[in-house]
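Read-outs: derived from the displayed coordinates by stated rules, not from any lab. Worth saying up front: this structure is predicted, and the values here are computed from it rather than measured. Cβ placement follows ideal geometry from the backbone for every residue including glycine, while neighbour counts extend to all protein chains displayed.
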């Protein structure tokens, strides 16, 4: 038994030694990268003091150094536990209270100071990437910024932002995700931003556009079951006019506009502008289908059934001209007026 315990202790020491070596290497690399970042940031600040219009020639280099340095430090922090060893026996010191090997930290405070001290720099890096339309790197930087702000370390140091300010960071990351066509994360981040009370800069439009693109991709691949399941899940949690309209779109692509009409109507009733247009469009299509199904009937024979259908479609599309002014509602209303004139019913 003693031999087994000794073997376990030796393995523990070897493991501890390897971890100590790893954390030292990670800490050293992280600290060096942060030092280079700080030097370049200081140089820029000095240049701006002398000339406010001085060019920022090291923005990309600084961003890379900051992300690299913080990445190393974040990896080092949880490894920074060194088991204390009895110098005489070479075995781990045991804590009498816990019965576990004693350990100490070596770099943690310095790492924590660097991590917290550079939180806002992550936001600046994200902004720089964003303004340069480098949305892939902006997405990563804003994500790191949000994670840093939301970390236990930041909260421990009372580094707390208002919900709406944090929501704006999530929105910037969401918009970056949308630009790189990561629509799933764009949707999730937009939703989180709105839940925190952030409602500026068209965050709702970004959220909806992400959903629309996800659904469009399903439809393009003829994956109607997946598209319906995705929209149904969203509708169960958030029955909005927009989502009813998207549901109608999926059903129309799969089965036709007649089957989609019920969803377009729900969208209209929920006050979604494009839903008003789509429901009006479904009514117009229904009227045209009736005409096509009765090619031998005269206008007089068509009128009793057709006129009410055309008038209902026109009434809804008149609303759509206001609710969805960029739609084709006006052009369809003109066509309806012409048809009603031919039936002497305008």
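Descriptive notes on the structure:
- Applying 0.36 nm per residue to the separation of residue 164 and residue 85 and subtracting their alpha-carbon distance, the gain on full extension is 23.5 nm.
- Inter-label distance, nm, simple model (7 Å from Cα along the C-beta direction), residue 301/residue 232: 4.3 nm
- The stretch 120-221, relative contact order in percent, only Cα pairs under 8 angstrom and at least six apart counted: 22 percent
- If R0 is 30 Å, the Cβ-Cβ spacing of residue 94 and residue 120 corresponds to a FRET efficiency of close to 0.10.
- Estimated FRET transfer efficiency (residue 32, residue 262; beta-carbon r; R0 45 Å; 0.05): 0.10
- With Cα atoms, 0 to 90° folded angle of helix 183-195 axis to the chain main axis: 90 degrees
- Shape call, the stretch 101-161: gyration tensor on alpha carbons, a/c limit 1.5: prolate
- Shape call, the stretch 165-323: gyration tensor on alpha carbons, a/c limit 1.5: prolate
- Against the main long axis of the alpha-carbon atoms of the chain, helix 2-50 sits at an angle near 70°.
- Taken as Cα centroids, the stretch 122-178 and the stretch 201-256 sit 28 Å apart, rounded to the nearest whole angstrom.
- Calculated over the stretch 120-221: convex hull of Cα atoms, volume per residue (Å³): 91 Å³
- Size of the stretch 278-346 as Cα extents on the principal axes (Å, biggest first): 36, 21, 15
- For the chain, the longest principal axis of the Cα atoms and the long axis of helix 203-220 meet at an angle of about 70 degrees.
- Pairwise FRET efficiency - residue 318 versus residue 199, Cβ, R0 = 41 Å, nearest 0.05: 0.85
- Inter-label distance for residue 153 and residue 46, nm, one decimal - labels placed 7 Å from Cα along Cα-to-Cβ: 2.8 nm
- Counted by neighbouring Cβ atoms within 10 Å, the residues 233, 96, 192 run from fewest to most as 96, 233, 192.
- Length-normalised contact order of the chain in % [C-alpha pairs under 8 Å, at least 6 apart]: 8 percent
- Identified option (computed Rg/Rh (Cα atoms, Kirkwood Rh); candidates (1) 0.96; (2) 1.23; (3) 0.99): (2)
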